[in-house]
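Asks: Below are the structure tokens for one structure; questions will follow.
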Amino acid sequence: MGKKYHLFEVYGIELEYMLVNHDLSVAPIVDKLMMLKEGEITSDVDNGNIAWSNELVAHVIELKTNGPTAQLNDLGQEFHKNILEINRLLQPLGTKLLGTAANPLMNPTTDTVLWKHTYSEVYNLYNAIFNCTGHGWSNVQSTHINLPFYNDEEFEKLHAAIRLVLPLIPGLCASSPILEGNITGFADTRLEYYKNNQKKIPHLTAKVIPEPIFNKDDYYKSIFNPIKKAIKPYDIDNILEHHFLNSRGAIARFDRNTIEIRLVDIQECPKADIALCVLIIEVLKALVNDNFESLEKQKLAHTEALYAILNTAIKNGEDAVITDETYLQLFKLSDAQTIGDIWLYLYLHVKPKISPDQRATLESILNSGTLSKRIVTSLGKDITTDRIIKVYNDLAEGLNTNELFLP
């Protein structure tokens, strides 16, 4: 275990991107990209402040902060520099990076290619257990937020706050409204698949919202030990590790004293991703500091109630209406609210803590809606393959220029 940090002392951000061709077909050539960058096929690239790594499937690359960072304000530009470098390397191959949480035209049954190099035995075992040729495995690009805790006392505060914020995240970050050329009816289709992609072993994901557990010993007893028991018949050689098998919407990493939030759909560009991460983090700080309700009241939130809110958010995004009075009171709200209105309320509460540039980005997003809504608005009634390709190529260009997609 490395150095331990206190609450909000440092951060870790991870962004997952697809490699696509101009017609949006996936390009399973991350190994070629690594070869172009490093002169050999490798699973990790140390590129200064940002590192690159492979993922389960060969058309997805992860960019991440290269170790803990104490500042977030310049991260958008740091990620963008790496995106430009990757796109320059990919251009001769007719390939480029694409944001958003789901490729709108991918057929996972025919298009999925697993990573065949380092750690392939892990990926092959996952595939043998779960069959990874499905959208829930091969077409789910996300942003991960890693937040530290120093001890059980800090874990208790952070885990309680995160549980309350998780159900609201799709109403801020949904970016996956289309699969296989059709509008799915879910603002956050990625999470609809994420909920179910490990249903063969239900304890791995459970209700997505983690159980109300607030110390390390109880976490092992209630989550990790049952995970180890559940996976044993499928993993006789002990290849899979419990920290990675835990697939709840926020996972405790006691090996590095962090909690990783996994419910954020990746956006169209790092400017948007980092601004949304900052907003989520500032709201968590407010909860941890008891700006709304006490820790003891936060801890009483029921997993089933939070899961119900999450489901309506996955379906309806920012337009989902929250009527649960007990939940609303945790934010000092009394009347039924849309999730969009709740995020606006929370943003105004933490706005003084946010930089002017990120305020401008957040206000554009809050005024225009989730990326899912903006994509659907841009398509209008023209839900054709050609129109989808046009809109998503515009999104890819916005990734290259680090600009919001505002139809």
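Asks: Let me confirm something: among LEU90, LEU105, which residue is closer than 21 Å to GLU14 by Cα, touching a helix residue (DSSP H, G or I) at 6+ places or on another chain (Cβ under 9 Å) and not hydroxyl-bearing (Ser, Thr, Tyr)? Reasoning before the result, please.
Replies: Numbers: LEU105 fails: closer than 21 Å to GLU14 by Cα.
Of the residues listed, the single one that is closer than 21 Å to GLU14 by Cα, touching a helix residue (DSSP H, G or I) at 6+ places or on another chain (Cβ under 9 Å) and not hydroxyl-bearing (Ser, Thr, Tyr) is LEU90.
Asks: Looking at SER364, is it small (Gly, Ala, Ser), at pLDDT 95 or above, closer than 28 Å to GLN71 by Cα and part of a helix (DSSP H, G or I)? Explain how you work it out, then say what you get.
Replies: Values: small (Gly, Ala, Ser): yes; at pLDDT 95 or above: yes; closer than 28 Å to GLN71 by Cα: yes; part of a helix (DSSP H, G or I): yes.
Yes: the conditions hold for SER364.
Asks: Could you tell me which numbered condition PRO28 fails, if it satisfies all but one of (1) within 26 Å of SER176 (Cα to Cα); (2) at pLDDT below 95?
Replies: Going through (1) within 26 Å of SER176 (Cα to Cα); (2) at pLDDT below 95 one by one, PRO28 breaks only (2).
Asks: Same structure, new question: Could you check the stretch 241-281 and list, in sequence order, the residues that are closer than 17 Å to GLU62 by Cα and touching a Pro at 6+ places or on another chain (Cβ under 8 Å)?
Replies: Within the stretch 241-281, LEU263, ASP265 qualify.
Asks: In this structure, is GLY134 small (Gly, Ala, Ser), in contact with a strand residue (DSSP E or B) (Cβ under 8 Å, 6 or more places away or on another chain), over 26 Å from ARG256 (Cβ atoms) and touching a residue at least 40 places away in the same chain (Cβ under 8 Å)? Please lay out each step first, then the result.
Replies: Numbers: small (Gly, Ala, Ser): yes; in contact with a strand residue (DSSP E or B) (Cβ under 8 Å, 6 or more places away or on another chain): no; over 26 Å from ARG256 (Cβ atoms): yes; touching a residue at least 40 places away in the same chain (Cβ under 8 Å): yes.
Criteria not met by GLY134.
Asks: Is there any pair linking a residue in the stretch 244-264 that is touching a residue at least 12 places away in the same chain (Cβ under 8 Å) to one that is surrounded by fewer than 20 Cβ atoms within 10 Å (Cβ to Cβ) and hydroxyl-bearing (Ser, Thr, Tyr), with Cβ under 6 Å and at least six apart or on different chains, and which?
Replies: Hits for this filter: SER247/THR205.
Asks: Moving on to the next point. When both residues are 6+ apart or on different chains and their Cβ atoms are under 8 Å apart, which pairs have a first residue that lies in the stretch 265-291 and is surrounded by fewer than 24 Cβ atoms within 10 Å (Cβ to Cβ), and a second that is part of a helix (DSSP H, G or I) and among the basic types (Lys, Arg)?
Replies: Correct list of pairs: GLU282/LYS353; LYS285/LYS353; VAL288/LYS157.
Asks: Let me ask you something else. Give the stretch 305-330 a look and list any residue that's crowded, with 22+ Cβ neighbours inside 10 Å and closer than 20 Å to PRO210 by Cβ, or say none. First the steps, then the outcome.
Replies: Just the residues of the stretch 305-330 that are crowded, with 22+ Cβ neighbours inside 10 Å, to begin with: 306, 309-310, 313-314, 317-318, 320, 322.
Once the filter is applied, which keeps residues that are crowded, with 22+ Cβ neighbours inside 10 Å and closer than 20 Å to PRO210 by Cβ, the stretch 305-330 yields LEU306, ILE309, LEU310, ALA313, ILE314, ILE322.
Asks: What are the pairs with Cβ atoms under 6 angstrom where one residue, in the stretch 334-354, is under 15 Å from PHE292 (Cα atoms) and the other, located anywhere, is part of a helix (DSSP H, G or I) and not aliphatic (A, V, I, L, M)? Sequence gap at least six, or different chains.
Replies: Between residues of the stretch 334-354 that are under 15 Å from PHE292 (Cα atoms) and residues that are part of a helix (DSSP H, G or I) and not aliphatic (A, V, I, L, M), the close pairs are VAL350/GLU282.
Asks: Right, something else. So, of the residues in the stretch 372-402 that are over 17 Å from ILE266 (Cβ atoms) and hydrophobic (A, V, I, L, M, F, W, C), which turns out to be nearest to the chain's Cα centre (by Cα)?
Replies: Across the stretch 372-402, the extreme among qualifying residues is VAL376.
Asks: How do the strands (runs of 3 or more DSSP E) wholly within the stretch 27-122 filter down when requiring 1 or more residues that are touching a residue at least 40 places away in the same chain (Cβ under 8 Å): which remain? Break it down into steps so the answer makes sense when it comes.
Replies: On the way: elements: 44-47, 50-54, 60-65, 95-98.
Where strands (runs of 3 or more DSSP E) fall fully within the stretch 27-122 and carry at least 1 residues being touching a residue at least 40 places away in the same chain (Cβ under 8 Å), they are 50-54, 60-65, 95-98.
Asks: Scanning the stretch 367-382 for residues that are part of a loop (DSSP other than H, G, I, E, B) and either of a type in the set (Gly, Ala, Ser) or modelled with pLDDT under 95 (or both), which turns out surrounded by the fewest Cβ atoms within 10 Å (Cβ to Cβ)?
Replies: Residues of the stretch 367-382 that are part of a loop (DSSP other than H, G, I, E, B), as a first pass: 369-370, 380-382.
Add one more test, that the residue is either of a type in the set (Gly, Ala, Ser) or modelled with pLDDT under 95 (or both), and what stays is 369, 380-382.
Working: GLY369: 20, GLY380: 10, LYS381: 6, ASP382: 11.
In this case the residue turns out to be LYS381.
Asks: Can you name every residue in the stretch 26-52 that is surrounded by fewer than 17 Cβ atoms within 10 Å (Cβ to Cβ) and among the polar types (S, T, N, Q)?
Replies: Passing the criteria: SER43, ASN49.
Asks: If I ask for residues that are within 20 Å of HIS302 (Cβ to Cβ) and aromatic (Phe, Trp, Tyr), which ones from the stretch 213-235 would you list?
Replies: In the first step, residues of the stretch 213-235 are kept if they are within 20 Å of HIS302 (Cβ to Cβ); the result is 213-215, 218-219, 221-223, 226.
Matches in the stretch 213-235: PHE214, TYR219.
Asks: Now for a different question. Which one of LEU98, LEU75 is surrounded by 14 or more Cβ atoms within 10 Å (Cβ to Cβ) and either modelled with pLDDT under 95 or closer than 24 Å to PRO177 by Cβ (or both)? Break it down stepwise before answering.
Replies: Working: LEU75 fails: either modelled with pLDDT under 95 or closer than 24 Å to PRO177 by Cβ (or both).
Selected residue: LEU98, the only one of LEU98, LEU75 that is surrounded by 14 or more Cβ atoms within 10 Å (Cβ to Cβ) and either modelled with pLDDT under 95 or closer than 24 Å to PRO177 by Cβ (or both).
The values are calculated or read from the model by the stated rules, or taken from the named source; none is laboratory data. Just so we're clear, the structure is a prediction, and the values are computed from it rather than from any experiment. Reconstructed Cβ throughout: ideal geometry from the backbone, glycine too, with neighbour counts over all protein chains shown.
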